[in-house]
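A quick write-up on the structure given underneath.
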Amino acid sequence: TALNLGWTPMDAFFYTTNKQLWVQARTTRIDLIQFYVKRKHKRYLNYNITGEYYSDHNPYEKECNSIFEKYCNYKGYDDHSTQLVDKQYGNKDYFIYWHNGKIVAYTQLTRYKFSVVAGEFAWNYETPELGLGVFAQNFECLKYQELDFKYYYSSYAYEKACEYKSFYNGFEWWTGREWSKDKELFRDLLSKDSKVESLKDLYYRHKDYYKE
């Protein structure tokens, strides 16, 4: 399939299109057959957090929109969502997370036959000590294991900000040629990404990466 060959689908554009766009990037995934919760992550599963899985619909869309706004404000992101044209593809899954009876995070994913592609995750950052990102990743992988899925695709990885993607058992990344389990090389590439400051830097990074 396209996913297995390193292609990732896009679902938001700055223009209208009737075609599905797939791109090649340093995509990441988790092999769910190899996945299990790390010992150091288990403490996050003991916090007073509950998660619910919804297939094909999100009954808390209004609350999730509010979470997304808080997430963008905390991160300092520019929200260009009003300028984007959404093109829905595939079947959507949603995970809603509560803490002390209040919705604090959500994930939207696209479901394929044996794989799922993570699309959007956001949380309100009111209680950072909960590690909701770690909780959600483990919770969702366990759920898809239960449903007999093979892979959880975690989208692209670029710069050191994406290093966390490699912190889970079963992690793999697309080199442009094949799926690799080499976490050290992956992290080295991310570190070098963060040092690129010009097109000249990018050119030499490209040569270094693709040398035989």
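The table for this structure:
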read-out	value
Pick from the range 1-24, criterion among the aliphatic types (A, V, I, L, M) and open to solvent by 60 Å² or more (accessible area, probe 1.4 Å), ranking: farthest from W98 (Cα to Cα)	L5
Long-range neighbours under 7 Å by Cβ, at least six apart or interchain, first residue under 17 Å from L109 (Cβ atoms) within the range 128-145, second among the small types (G, A, S)	L132/A105; A136/A105; F139/G51
Selection count where residues are more than 16 Å from F121 (Cα to Cα), in a helix (DSSP H, G or I) and either at pLDDT 90 or above or among the basic types (K, R) (or both), scope the range 36-78	5
Selection within the range 114-150 - within 21 Å of K102 (Cα to Cα) and of a type in the set (S, T, N, Q)	N124, T127, Q137, N138
In the range 25-35, the residues that are surrounded by 14 or more Cβ atoms within 10 Å (Cβ to Cβ) and at pLDDT 95 or above	T28, R29, I30, D31, L32, F35
Long-range neighbours under 9 Å by Cβ, at least six apart or interchain, first residue more than 18 Å from Y152 (Cβ to Cβ) and open to solvent by 10 Å² or more (accessible area, probe 1.4 Å) within the range 86-97, second at pLDDT below 70 and part of a strand (DSSP E or B)	D86/A12; D86/F13; K87/A12; K87/F13
Residue in the range 189-198 that is of a type in the set (A, V, I, L, M, F, W, C) and in contact (Cβ under 8 Å) with a residue 12 or more places away in the chain present	yes
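The values are calculated or read from the model by the stated rules, or taken from the named source; none is laboratory data. Small disclaimer: the values here were computed from a predicted structure and weren't measured. Using ideal geometry, Cβ is built from the backbone for each residue, glycine included, and neighbour counts are taken over all protein chains shown. What goes into the accessible areas is simple: the full protein's heavy atoms, side chains included, and nothing from ligands, DNA or RNA. Shrake-Rupley method; radii C 1.70, N 1.55, O 1.52, S 1.80 Å.
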